[in-house]
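What follows is a short report on a single structure.
We did not get these values from a lab; they are worked out from the coordinates using the rules stated. As the structure is a computational prediction, the values presented were derived from the model and not from experiment.
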């Protein structure tokens, strides 16, 4: 499955300089039994990504999905 690449912009509050970024994403399927473990992993991973890419914020979004 291909996720749509979106474009977002933000302004640095210290310099008022504007930036445009292209963003994408990926899916991770998780068994309910491993949900807490997976959330803990992504909380730590997010911190590493913020440091590595020097980001003030990185959004990780989760949804409950029902497969019928």
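Normalised by the number of residues in the chain, what is the relative contact order in percent for Cα pairs under 8 Å and 6+ residues apart? All intermediate terms of the calculation are to be shown ahead of the outcome.
On the way: 39 pairs, mean separation 12.7, N = 68.
After rounding, I find 19 percent.
With respect to the chain, whose longest principal axis is taken over its alpha-carbon atoms, helix 35-52 is tilted by about 20°. Computed over the alpha carbons of the chain, Rg followed by Dmax gives 15.4, 50 Å.
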